[in-house]
Amino acid sequence: MPQYRKISRYVLAGLFTFAGIVHFLSPEMFVRIVPPYLPAPLLLVYVSGMAEIAGGLGLLVPTTRRMTSWGLILLLVAVFPANVYMLQSYEGRGLLPVWALWLRLPLQVVLVAWAWWIRKE
């Protein structure tokens, strides 16, 4: 395996693990971006946080890496509506600058491609 792919895997694993931990340290921030049509926002924040932590750690285990990569891709697709909702309901929320909210949308595509690329050994 090329060294850059290994380093990239560790970086992505760290990003997902860190993001998942933040779900538990500051859940109110994430609850604010759960679209109102979804039930139990706090539960969804905790479930997605656990999924991100499990996904980040799962990328580090060779036997689970491929399945974990696909799971992270599905997770990124599942949380995309929250990113859209966050942009649509920006006024008064002030969580991020509006340019960063716009940047988050294509960033999801980059993360999906990164997770797909990491799945290979």
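Which of (1) assigned to a helix (DSSP H, G or I); (2) surrounded by fewer than 16 Cβ atoms within 10 Å (Cβ to Cβ) does HIS23 not meet, given it meets every other one?
Result: HIS23 passes all but (2).
Suppose we filter LEU105, LEU74 for residues that are out of contact with any His (no Cβ under 9 Å at 6 or more places or on another chain), surrounded by fewer than 15 Cβ atoms within 10 Å (Cβ to Cβ) and modelled with pLDDT of 95 or more; which single one remains? First the steps, then the outcome.
Details: LEU105 fails: modelled with pLDDT of 95 or more.
Exactly one residue qualifies, and that residue is LEU74.
Restrict the check to region 3-14 and report whether at least one residue is surrounded by 16 or more Cβ atoms within 10 Å (Cβ to Cβ), of a type in the set (A, V, I, L, M, F, W, C), assigned to a helix (DSSP H, G or I) and at pLDDT below 95.
No.
Here is a list: VAL45, VAL34. Which entry is among the hydrophobic types (A, V, I, L, M, F, W, C), crowded, with 18+ Cβ neighbours inside 10 Å, outside any helix (DSSP H, G or I) and free of Cβ contacts under 8 Å to residues at least 60 places away in the same chain?
None of the others qualify; the one that does is VAL34.
For region 69-105, name all the residues that are in a helix (DSSP H, G or I) and either acidic (Asp, Glu) or more than 25 Å from PRO36 (Cβ to Cβ) (or both).
Narrowing region 69-105 to residues in a helix (DSSP H, G or I): 69-88, 98-105.
The answer is SER69, TRP70, GLY71, LEU72, ILE73.
The values are calculated or read from the model by the stated rules, or taken from the named source; none is laboratory data. All figures in this text were calculated on a predicted structure; none of them were measured in a lab. FYI the Cβ positions are ideal-geometry reconstructions off the backbone, even for glycines, and counts take in every protein chain you see.
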